[in-house]
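Please treat every number below as a calculation from the coordinates, not as lab data. As the structure is a computational prediction, the values presented were derived from the model and not from experiment. Neighbour counts run over all protein chains shown; Cβ positions are idealised from the backbone, glycine included.
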Amino acid sequence: MARTPVLRNATFAGSVLAACLLASTSSASAGAPPDAPGYTTARTGGAHDFEYFAGGWRTTQHRLKARGVGSNEWDTFPATLCMTPYLDGRVTADEIRFPTKGWAGFTLRSYDLAKKQWSVWWINSTSGRLETPVVGGFDGARGEFYGEDVDDGRPVKVRYRWDKVDHDHARWEQAFSYDDRAWETNWTADFVRADAATACSNGRPRD
């Protein structure tokens, strides 16, 4: 007879403790900064992920005119890209020229054999700065790369996404997250493989 109230008290105490632990866990989770959907710097890939892109490419670029303000106005312009692999494909470099814009860009990629992960750096000819890298790799025909940067004074999460559509077509996009809740795609590019002898000279765009 004496055990019943003790059992009830133990059950009640256990329920209270469980509720407290749940509340504490929820509070801790709520206090932790969220990540943008899919964001990770742990994504890996293969050492030959970018060999597909060797050679010359003609591309149509679509860039959001104003980022991070809810704009839906896009600028469309052509470009030519030439990519060269080094160190058995574990390092790649490409130059892309935008003839109607009067500027160019340079991308350097390096594969970390220990981490099995790519790092991707971008340099814009208008600044000459080596930008903060994004890291990641390909899973099948899709590659995703993530990192952090600052856009006009605002901290952002960055996502690059590559899709190998088929042997002669590819698509790239860049997206920023300003609030760690949603992505805004601000730049896309559709690529068509070109004759490298026509599009490139010594590994650089002719245009």
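Numbers for the structure displayed
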read-out	value
Over segment 51-205, relative contact order from alpha-carbon pairs under 8 Å, at least 6 apart, %	23
Net charge of neighbours whose Cβ lies under 13 Å from the Cβ of residue 207, counting Lys and Arg as +1 and Asp and Glu as -1	+4
Amide H partners (placed H, <5 Å) of residue 187, local residues excluded	64, 174
Placed amide H near residue 194: partners under 5 Å, 5+ positions off or other chain	56, 57, 58
Prolate/oblate/rounded call for segment 122-207, Cα gyration tensor, a/c under 1.5 rounded	oblate
Set of lysines with alpha-carbon distance to residue 101 below 22 Å, sequence-local pairs under 8 removed	65
Sequence-distant residues sharing a close amide H with residue 46 (under 5 Å, placed H)	138
Simple label model, 7 Å out from Cα along Cβ direction - residue 202 to residue 124, nm	2.7
